[in-house]
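Reviewing the structure listed below.
Since every read-out is calculated from the coordinates, none of them should be taken as a lab result. Keep in mind that this is a model prediction, so the values were computed, not measured. Note that each Cβ is placed from the backbone with ideal geometry, even for glycine, and that neighbours are counted across all protein chains shown.
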Amino acid sequence: MWSWVNLGEHQAFMRMLVKWVVLGSVVGVLSGTASAVFLTALNWATAVRVANPALLFLLPMAGLAIGWAYYRHGGSAVRGNNLGIEQVHLNNDPIPLRMAPLVLVGTVLTHLFGGSAGREGTAIQMGSSLADWLRRVLRLAGDDRRLMLMAGMSGGFGSVFGTPIAGFMFALEAPAMGRIRYDGVIPCLTAALVGDLVTRAWGVGHSHYPALAEIGIQPLLLGAVVLAGIAFGWVALAFVELLEAIRHYSRKMIAYPPLRPVVGGLMVIGLTLIFGTQDYPGLSLPLIQNTMNGTGVEPLAFALKIVFTAVTLGTGFVGGEVTPLFVMGATAGYSIGRLMGIDPAFMAALGFVAVFAGASNTPLACTIMAVELFGGGSLLYVGVACFVAYLASGHRGIYATQLIGTPKTAGDVRTDESIEALSKRREGGSFHEQ
């Protein structure tokens with residue numbers, strides 16, 4: 001028999017379920033529609049740039065326009081994804097609605113003129129901005145606001161990649177390294193699923209990849225994947241370190257913010273002319289396709305994508321890091337596979353998600369993403385690659401305001417300290433054993 005206490009508990013659950021299914025659905029509609037508009041504009045920009053390579057020479061002017069717009073009108077929106085993640089924790093400052101159009105237009109311009117950037121950051125920022133605007137309209141506060149922000153992240157991520165379960169898990173995992181926020185299960189799952197359905201309903205499709213073969217437990221192959229996972233973590237770490245170094249020195253050496261992307265644009269033009277290829281500006285999705293269809297890529301393609309992307313984003317252009325990380329991972333995996341004598345396409349698929357896992361500190365979301373993109377045939381190897389890369393990348397990441405919920409190793413790391421705070425403390429030379 002149910003007690004009155006249990007009955008009241010289930011009534012509270014049903015009220016909560018209905019509330020967050022409704023709110024999550026509305027956030028999903030907003031996020032999915034925004035992603036559909038963004039992906040359509042991005043596809044147009046990519047097609048125009050590919051057909052007109054000379055547009056690259058206008059990248060510095062585009063950088064000036066983007067830099068000036070953020071300098072004059074961006075406000076806190078200039079902090080991008082870090083603002084959304086920070087507000088999940090602090091819950092004290094609004095995310096401006098203008099973040100959505102600013103990052104949308106800025107990312108499209110970045111891609112149109114040849115900057116190397118991604119799309120996840122744009123989708124997450126649009127989702128968070130729209131969710132917080134809806135929260136203000138409905139006058140929600142406290143923990144309700146945290147959940148709305150997480151739902152916006154889920155809706156944006158799941159809809160822009162067509163991976164709703166990974167999007168759902170990403171928002172639970174990304175705020176704190178090594179910790180999952182289960183309080184966001186219903187709003188995040190709802191927003192991610194609805195967001196993906198809405199984007200598809202608008203007629204916007206996603207990239208498709210060949211399924212991974214079903215592979216049983218093979219000790220030698222498993223050992224090779226562990227070694228590859230370490231390498232994938234180092235690739236992620238190399239990108240994060242170079243990105244932060246360029247960001248630091250561009251701020252130190254160029255006082256006027258709108259001029260930083262101008263210099264970055266000139267550097268991208270120089271790099272493109274030096275290497276004589278159009279493979280690295282933009283999303284570079286053909287490089288991923290070449291790793292999986294047998295065409296192949298240059299052995300150091302991943303290193304070039306690291307440099308192009310770090311210069312683009314580090315000097316003030318806007319866009320995401322994740323799609324470039326997919327490219328870095330796939331191309332690095334292809335090269336590692338050839339070096340080890342293992343199917344390069346198999347290793348490319350593992351690198352695709354594992355480098356992202358190391359850079360974002362979201363190994364579970366990345367493992368799930370691999371299943372949504374490549375099927376579950378090699379789930380064991382995907383999981384090993386993602387979690388080893390996550391550990392190998394250390395306490396660094398592309399989201400500086402991400403908290404350290406569970407340290408990866410013993411040492412000077414403090415629980416619930418942000419990556420940004422840890423980096424500053426280490427730069428100051430302080431070390432405190434926990």
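Between residue 293 and residue 391, the simple label model (points 7 Å from Cα in the Cβ direction) yields a spacing of 3.7 nm.
For residue 404, the residues whose amide H sits under 5 Å from its own are 177, 416, 417, 418, 419, ignoring neighbours fewer than 5 places away on the same chain, with H placed 1.01 Å from N. With unit charges on the beta carbon (Lys/Arg positive, Asp/Glu negative), name the residue among 18, 357, 34 whose Cα is farthest towards the positive pole of the charge dipole of the chain. It is 34.
Given the Cα-Cα distance of residue 416 and residue 40 and 0.36 nm per residue of separation, how much length would full extension add, in nm? So the chain would gain 131.5 nm between residue 416 and residue 40. Counting Lys and Arg as +1 and Asp and Glu as -1 over every other residue whose Cβ lies under 13 Å from the Cβ of residue 188, the net charge comes to -1. Across the options 227, 277, 209, the greatest Cα extent toward the positive end of the charge dipole of the chain (unit charges at beta carbon of Lys, Arg, Asp, Glu) belongs to 277. Full extension of the chain segment joining residue 137 with residue 227 gains 27.4 nm, where the gain is 0.36 nm per residue of separation less the Cα-Cα distance. Note on residue 19 and residue 213: their simple-model spin labels are 5.2 nm apart, each label 7 Å out from Cα toward Cβ.
Here each label is just a point 7 Å from Cα along the line to Cβ, and for residue 252 and residue 338 those points are 3.7 nm apart. Derived scalar couplings between HN and Hα for the stretch 417-428 equal 8, 6, 4, 4, 5, 4, 4, 5, 5, 5, 5, x Hz in order, rounded to whole Hz, by the Karplus curve 6.51 cos²θ - 1.76 cosθ + 1.60 (θ = phi - 60°), x for Gly and Pro.
Simple point charges give the picture: +1 on the Cβ of Lys and Arg, -1 on the Cβ of Asp and Glu, and for the chain a dipole about the Cα centre of about 920 debye.
Residues 190, 107, 199, 409 in ascending order of nearby Cβ atoms (within 10 Å, fewest first): 409, 190, 107, 199. Within the listed set 31, 129, 207, the residue fluctuating most in the Gaussian network model of the chain (springs between alpha-carbon atoms under 10 angstrom) is 207. Neighbours of residue 250, meaning other residues whose beta-carbon lies under 14 angstrom from its beta-carbon, give a summed charge of +3 when Lys and Arg score +1 and Asp and Glu score -1. Given +1 at the Cβ of Lys and Arg, -1 at the Cβ of Asp and Glu and no other charges, the dipole of the stretch 115-177 around its Cα centre is 220 debye to the nearest 20. Among residues other than residue 33 whose Cβ falls under 13 Å from its Cβ, what is the net charge (Lys/Arg +1, Asp/Glu -1)? Here the charged neighbours net out to 0. As I understand it, the dipole of the stretch 1-122 uses +1 on the Cβ of Lys and Arg and -1 on the Cβ of Asp and Glu, about the Cα centre. Which of 66, 51, 116 lies farthest toward its positive end? Going by the charge dipole, the pick is 51.
Charge dipole (Cα centre; +1 on Lys/Arg Cβ, -1 on Asp/Glu Cβ; no other charges) of the stretch 219-401 amounts to roughly 440 debye.
The string of couplings for the stretch 378-387 from the Karplus curve (6.51, -1.76, 1.60, θ = phi - 60°) is 10, 4, 4, 6, 4, x, 4, 4, 5, 6 Hz, one whole number per residue in order, with x for Gly and Pro.
Exposed loop sites, defined as GluC sites (Glu not before Pro) outside DSSP H, G, I, E and B with at most 12 other Cβ atoms within 10 Å, are absent from the longest region of the chain, namely 215-432.
Centroid-to-centroid, using Cα positions, the stretch 1-70 and the stretch 290-327 are 23 Å apart.
Loop sites by DSSP among the chymotrypsin sites (Phe, Trp or Tyr not before Pro) of the chain, restricted to those with at most 11 other Cβ atoms within 10 angstrom, leave 3-430 as the longest stretch without any of them.
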